[in-house]
Amino acid sequence: MADERPDWARRMVEERAARDWSQADAVRAMMARLPEDQVVGEQDLLRQWKRWEAGDAQPLKYRSVIARVFGTTTGAFFPQSSRRDGRAEVLQVSGMDTVDIIARLRASDVDAATLDALRITADRLCCEYAYMPADQLLIEGRAWLGRVAGLQHQRVSLAQHREIIALAGKLSLLVGCVEYDSGRPRDAEATRQAALMLGSESGEISVQGWAHEMRAWFALTRGDYRGVIAASEAGIAIAPNESVAAQLHAQAAKAWARLGDRAQTEVALDKGRLLLERLPYPEDIENHFVVDPAKYDFYRMDALRKVGENRLAEQLAVEVIRASTDFDGVERSPMRIAEARITLGVVAAREGDLDTALAYGEQALAGPRRSLPSLAMVSADLGQVLQSRYQHADEARDFIAHLRELRGAQ
C-alpha cells in the first residue's frame, strides 16, 4: 500500500534510520536542543514522537527543533509552497506581454509599468534556469540583457537608472551561469565581472554577493579549494544577511570537505543553516538567485558524500530527488537530481553494487539540462570509486571513458 503519511513524517523515520537511532534516541537528541522555556518529560515527548512519525499529529511548535536534530532547515523539513507562474505574473502586474514590453522599449517609453514588467521578466528567466535548455536560455537571457542595457542611455530618473543597472546586473549573473554551464568559462568570467561592476554601481549587495558566489563556484569546479574559501569570505563580507550568504557558506563547506577538514565542513554548513533559519521563507523558491531552504539538503548531500557518510548522503539524495520532482513525475530541478543520482551511484559503488552504481551514473549523465563543470566534478567521485574497485570490469571502464568525454566537452 502507498505511504499516505505527510512527507515530513516519512522523513522523520528515514532520517532516524539513517543514524541507527531508536525513537527514544531521537527524543533524547531533541530534548538536548529544546529551548529552556520548553520543558517536557521524555516519555511525554516520546509519545508525541510516535504520533508524529505515524502522521497522526503535526509537531507545530517543535518543527525548528526537529529540523535542527537532523541538521537541516525548518523550511527544508516542512516546506511551504510558493511557486508562481512568471509569464502570467508579468501580464497580471503590468498588463503587458513580451511583445508589448519590447514595443515600449523601442518607443523609449520607460515608465514604472515598463520597469515592473522588465523586473518580473528577469525573475521569470531566473526561474527557468533550472530546466530550460541552456542554448535557448542563453539566447533569451542575452537578448533581454541587451534591451535593458540599452535603456541606460535614455532619459530616465536617478531611481530608474539605478533599477536599470541592477536589472542588468541580475541578467548578467544569469547569462554568466549559463555560459559556464555550457563550457564557456572565459565568457562566463567576463560576464561575472560585469555583474559585479553593475552590482557595485547600483548598490545592489545581493548582485555583488552572487557575483562572488559564481567566483567560488568556478573555483570549486577547477579544484581551487582555497580560492573557493577566499571568494566565499569576500561575498559574505559584502552580503552577510542575504540568502546568497547561505550559499557562500555552502560553497565553503564543499571546499573544506574536499580538503579533508570535517570540522570546518560542519562549521560552514551550520552557519548556512542558521542564516536560513533567520530569513523569511522566500516568495519564489524557483528563482535561481533565491536560496530556498530545501537546497540546504542538496549542499549537505555533497559534503557528506565527500566525507564518506554514506547512509546520510544516500538519505539526503533520495530527499533531494523527491523534493525536486512534481507529483506527476516532472523533474523541476534536473541538475540537482543528476547530482543526487551520482551520490546514489557513489554509495552503491562503495557498497559493492556495480550494476546499480552504473545505472545511476548513466541516468545522471543523460539528463537534458546539465551544468557540465558541476556534473563533471561530482561524477569524478563515482569515477574514482569505479577506478579503484572495479577497474577490471568492462562496464566500469566504459563509464570512466564516458566521464573523460564529459570533461573534454567543458
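Computed from the coordinates by the stated procedures, all read-outs in this text should not be read as laboratory data. The structure displayed is predicted, hence computed values, not measured ones. FYI the Cβ positions are ideal-geometry reconstructions off the backbone, even for glycines, and counts take in every protein chain you see.
Axis of helix 112-128 versus longest Cα principal axis of the chain: the two differ by about 40°, to the nearest ten degrees. Label sites at Ile139 and Asp20, each approximated as a point 7 angstrom past Cα along Cα to Cβ, lie 5.5 nm apart. For the chain, lysine pairs with C-alpha atoms less than 17 angstrom apart, excluding pairs fewer than eight positions apart on the same chain, total 5. Springs join every pair of Cα atoms under 10 Å in this Gaussian network model of the chain, and among Gly176, Gly150, Gly383 the largest mean-square fluctuation is at Gly150. Between the helical axis of 134-150 and the longest alpha-carbon principal axis of the chain there is an angle of about 40 degrees.
Net length available on complete extension from Arg311 to Leu279 is 8.6 nm, with 0.36 nm assigned per residue and the Cα-Cα distance removed. Our note on the geometry: Cα centres of the range 179-200 and the range 273-292, 23 Å apart.
Each peptide in 202-209, 352-359 was scored by the mean count of other Cβ atoms within 10 Å over its residues; highest first, the order is 202-209, 352-359.
For the range 172-273, the calculated P(r), taken from all Cα-Cα distances in 5 Å bins from zero up to the bin holding the longest distance, is 3, 16, 23, 24, 19, 10, 5, 1 percent.
Footprinting exposure proxy ranking of Phe218, Phe327, fewest other C-beta atoms within 10 angstrom first, gives Phe327, Phe218.
Report D for the chain in µm² per second (integer): Stokes-Einstein, Kirkwood Rh on Cα pairs, 37 °C, 0.692 mPa s. Please report the intermediate quantities before stating the final value.
On the way: Rh = 22.7 Å.
Answer, rounded: 145 µm²/s.
The tail of the calculated P(r) for the range 7-70, taken as Cα-Cα distances beyond 18 Å, holds 25 percent of the pairs. When each of Val40, Val65, Val378 is scored by the number of other beta-carbon atoms lying within 10 Å, the sequence from fewest to most is Val40, Val65, Val378. Basic side chains Lys and Arg get +1 at the Cβ, acidic Asp and Glu get -1 at the Cβ, and with that the dipole of the range 308-410 about its Cα centre reaches some 360 debye.
Each of Asp328, Asp123, Asp20 was scored by other Cβ atoms within 10 Å of its Cβ. Arranged with the fewest first, they read Asp328, Asp20, Asp123.
The long axis of helix 295-306 is offset from the longest Cα principal axis of the chain by roughly 60 degrees.
Considering all different alpha carbon pairs of the range 308-410, the Kirkwood hydrodynamic radius works out to 13.6 Å.
Look at where the Cα atoms of the range 308-375 and of the range 50-65 average out, and the two centres are 29 Å apart.
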